[in-house]
Amino acid sequence: MLAPKLQSRSPSSLLRSLSTLALLADKCTTLDQLKQLHAQMIVSAVVTSDPFPVSRLLSSCALSPFADLSHASRVFHSAPHPNSFMWNTLIRAQANALQALSLYLAMRRNRVLPGKHTFSFLLKACSKLCNLPACKQLHVHVMKFGLASDLHVANALNFRSNEALKLFNEMVGAGFEPGGATLASVLSACARSGYLEFGEMIHGFVKVRGVGLGEGVILGTALVYMYAKNGEIVKARRLFDEMPERNVVTWNAMICGLGAHGHVEDALGLFEKMKREQVVCPNGVTFVGVLSACCHAGLIDVGREIFRSMKLVYGIEPKIEHYGCLVDLLGRAGRLLEAEEVVKGMPWKADVVIFGALLAASKSSGNNEVAVRVVKEIIALEPQNHGVHVALSNMYAEAGQWQEVLRLRKTVKKEKLKKVPGWSLIAT
């Protein structure tokens, strides 16, 4: 399988050839094929001209069933300026946690910004180490880059929350004095695990011992996040208001906490205050918080305007989670056609989560026409998804369209579709 030669190609032909190379990288079934493709990329100068095919080749070399980490490293080092995807791929592939951390340090030295996937892979690697200082420093970096509330990172952090709390107890019992970074990590573990009493104990420890006061923003933010996550909104807001200095993570913790616990007006009011004070700028997490609050309260016009302001006012490109909030907001209000147009206008293909929100809205509104279109989209993404057929069948049954119910059941039986574990449709 030889890659096409790229010399003397027109721009459109060149783009097609690059796409072919990327596709070939994903389709290789042996290490020899990958090495052959790598050689073709070097000969064709793709390695130095386009990062996408090289990224796909690196992913196959590092993560496929026939992966070869040493060859993956050669592919990585052949790229003149490895992007964040390449760094993340190599970090993810490391069996040695210390090597993963070493790569992260090299990534920062090369001034490549880490993202949610970077920390997700690193935290999973760190969970294999009994190295508290390394884990503490990594958690500080999570806070520094404003990713503590990100779902990918939170799941990775939550993976070892109970162990972290147990380790903290042992450390204090042995006479060690924890610093601010340690306390912030423990408070985050309390937030994710729902251990409010333990978190309150840490707060008391901070007050009595005066520990960690030098790390005011980090520790204060961790306390706000812990109380807000556990539903103690009054305590969280009091701490937030008393903080002499706040960063964007602090604001996000409070705004998201207010919105998640039904204090929609307070969440939006705090967002407006953040904009007025102009001390910190909102980021993507901020907008997820306020858009989610709008969803809970059904504030269509407000939510739509906030969504528009992301790019127009703040220069923030909406991500799939922001589009998901908007689709959910429109769907709950019964504006299914508008929600469909939003999905069609997304710069990338919608995932099953977004289509699932649209299907749930279709069910609530009894709109079988939209539901049929959405089910087709989900089946295109997950051909064996039994759950969406069941959901559509139930909608037909509620509408008394029994012929359609029988037709769907025959389809499920004929295709021998299996239920996807953990997939569900919840009408809200």
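No value in this document is a laboratory result; all are computed from the given coordinates. None of the values given here were measured: they were computed from a predicted structure. So basically every Cβ, Gly included, is an ideal-geometry build from the backbone, and we count neighbours across all protein chains shown.
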Alpha-carbon centroids, the range 334-409 and the range 236-304: separation in whole Å
32
Scan the range 43-119 for trypsin sites (Lys or Arg not before Pro) in coil per DSSP, keeping those whose Cβ has at most 16 other Cβ atoms within 10 Å, and list them by number.
R111
Going by average Cβ neighbours within 10 Å, how do the peptides 201-210, 329-338 rank, with the highest at the top?
329-338, 201-210
Cβ crowding within 10 Å averaged over residues, with 290-297, 174-181 ranked highest first
290-297, 174-181
Burial order of peptide ranges 93-101, 343-351 (average beta-carbon count within 10 Å, highest first):
93-101, 343-351
Given the pairs K116/K144; K27/K116; K235/K311; K344/K413; K311/K376; K116/K319, which are separated by over 22 angstrom at their Cα positions?
K27/K116; K235/K311; K344/K413; K311/K376
Dimensionless Rg/Rh of the range 41-131 - Kirkwood Rh, Rg from C-alpha atoms:
0.98
Could you tell me, in Å, what Rg and Dmax come out for the Cα atoms of the range 319-428?
13.5, 40
